[in-house]
1. Does region 56-73 contain any residue that is open to solvent by less than 50 Å² (accessible area, probe 1.4 Å), at negative phi and at pLDDT 95 or above?
2. Check every one of the strands (runs of 3 or more DSSP E) wholly within region 173-251 and list those with 2 or more residues that are more than 17 Å from Ala289 (Cβ to Cβ), in contact with a Gly (Cβ under 6 Å, 6 or more places away or on another chain) and touching a residue at least 24 places away in the same chain (Cβ under 8 Å).
3. Return the total of residues in region 11-37 being surrounded by 12 or more Cβ atoms within 10 Å (Cβ to Cβ) and either assigned to a loop (DSSP other than H, G, I, E, B) or at pLDDT below 95 (or both).
4. Going by the structure shown, is Arg315 charged (D, E, K, R) and modelled with pLDDT of 95 or more?
5. Taking Val341, is it modelled with pLDDT under 90 and β-branched (Val, Ile, Thr)?
6. Looking at Leu55, Leu119, Leu44, which one is in a helix (DSSP H, G or I) and more than 19 Å from Thr259 (Cβ to Cβ)?
7. Any chance you could count how many residues in region 148-161 are in a helix (DSSP H, G or I) and under 19 Å from Ser104 (Cβ atoms)?
8. Go through the residues of region 205-219 one by one and say whether even a single one is over 19 Å from Ala349 (Cβ atoms), over 16 Å from the mean Cα position of the chain (by Cα) and open to solvent by less than 30 Å² (accessible area, probe 1.4 Å).
Amino acid sequence: MEPSSFIKMYVFRHSEQTLKTALISKNPVLVSQYEKLDAGEQRLMNEAFQPTSDLFKPITFQSQSDWIISHPEVPQDFEQFFSDAYRKTPTPEKHTIYIQSIGSLANTRVISEEYIKWLKSYCEAFFYGLTVKLLEPVSVSATKCSFRVNDHTQNLQIHAGHILTFLKKKKREDAFCVVGITMIDLYPRDSWNFVFGQASLTDGVGIFSFARYGKDFYSSHYKGKVKKPKRVSSSDYSIFNNYYVPDITSALLLRSCKTLTHEIGHIFGLRHCQWLACLMQGSNHLEEADRRPLNLCPICLRKLQCALGFNIVERYKALVRWIDEECTDTPAPKPSCENAVSVPKPVEAFKEWREWVVKCLAVLQNQE
């Protein structure tokens with residue numbers, strides 16, 4: 001195998017006019033809407049069709065197995081998003097994203113609690129203007145899902161579709177959506193090897209596993225392998241007791257934030273992006289997912305702003321604050337020996353993105 005530095009990177013580049021139309025539209029009503037955005041927001045979004053933009057790059061791919069090549073899709077421009085009669089938009093009555101953790105998320109309870117609070121506050125910044133709430137954590141057994149030991153990896157997996165059924169029952173009156181997160185690998189049906197996540201857009205529910213984001217999942221030394229695979233009763237969930245969970249590293253937190261916001265983006269009606277390098281690009285494998293940026297391209301940003309009505313400057317400032325500040329927006333956990341230990345948020349992997357957001361703020365605020 002050739003060293004990665006010799007892998008050829010292919011560029012998927014649209015014309016300036018194509019990108020301009022995808023962003024602004026030729027529909028006079030939508031053009032008028034765009035022109036009502038403040039000057040800074042227009043200045044930032046116009047970077048979409050500037051060939052020399054330092055902020056928004058064209059999509060790159062490295063092999064035929066990458067998503068954009070292997071899954072041909074009809075691109076969704078802003079006008080198509082705006083006109084989609086089936087997409088869901090938050091309302092004053094349904095304005096909350098609920099996050100449901102399933103099974104252990106970390107090696108200790110306090111780290112697990114901090115990790116899910118980091119994800120909660122990140123979603124609040126990313127989907128600026130929405131409320132994000134945490135549901136009480138549940139065990140795998142509470143979901144009554146099917147499970148198996150994967151024949152190839154010898155790791156435990158839970159049935160994604162059964163989890164979605166469970167989450168539908170947990171959906172509250174004020175919920176825009178309910179998303180489940182777990183550190184246990186998922187499978188959608190018996191014939192599939194695995195799936196990173198699965199969502200029902202019509203029901204507003206999704207389940208996402210971060211198990212494969214641990215640093216050693218694909219190694220032969222992965223500690224999540226079931227040492228002695230055996231057939232177990234479909235109602236005996238004791239096999240999940242003290243099941244292995246990876247360390248919450250900065251890379252794992254970054255990958256978790258990417259996946260969570262990408263998949264919730266789908267629930268808002270954003271399809272896979274095929275315009276520029278963007279969080280909403282599809283990915284077939286971890287290496288491709290890691291190439292995908294944390295940010296939305298201007299076309300997808302305009303879609304999300306249309307759905308939520310946020311001020312872009314305020315949203316970006318909230319994202320910078322998330323990187324810079326500790327989580328202090330939720331009640332302190334019940335006292336215990338564990339909680340005497342401070343758990344710093346591992347944001348090292350977000351530093352480059354923070355610099356990018358600051359550049360965007362400079363454009364928005366017309367700063368040199």
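The values are calculated or read from the model by the stated rules, or taken from the named source; none is laboratory data. Quick caveat: nothing in here was measured; it's all calculated off a predicted structure. Cβ: placed from backbone, ideal geometry, glycine included. Neighbour counts: every protein chain shown. The protein model used for the area step is the full one, side chains on, heavy atoms only, and it has no ligands, DNA or RNA in it. Shrake-Rupley method; radii C 1.70, N 1.55, O 1.52, S 1.80 Å.
1. Yes, that holds for at least one residue.
2. On the way: elements: 175-182, 185-187, 197-200, 205-209.
So the answer is 175-182.
3. The qualifying residues number 6.
4. On the way: charged (D, E, K, R): yes; modelled with pLDDT of 95 or more: yes.
For Arg315, the condition - charged (D, E, K, R) and modelled with pLDDT of 95 or more - is met.
5. Values: modelled with pLDDT under 90: yes; β-branched (Val, Ile, Thr): yes.
Taking the combined requirement at face value, the residue satisfies it.
6. Working: Leu55 fails: in a helix (DSSP H, G or I); Leu119 fails: more than 19 Å from Thr259 (Cβ to Cβ).
From the options Leu55, Leu119, Leu44, the qualifying one is Leu44.
7. Summing the residues that are in a helix (DSSP H, G or I) and under 19 Å from Ser104 (Cβ atoms) in region 148-161 gives 1.
8. Checked region 205-219: no residue is over 19 Å from Ala349 (Cβ atoms), over 16 Å from the mean Cα position of the chain (by Cα) and open to solvent by less than 30 Å² (accessible area, probe 1.4 Å).
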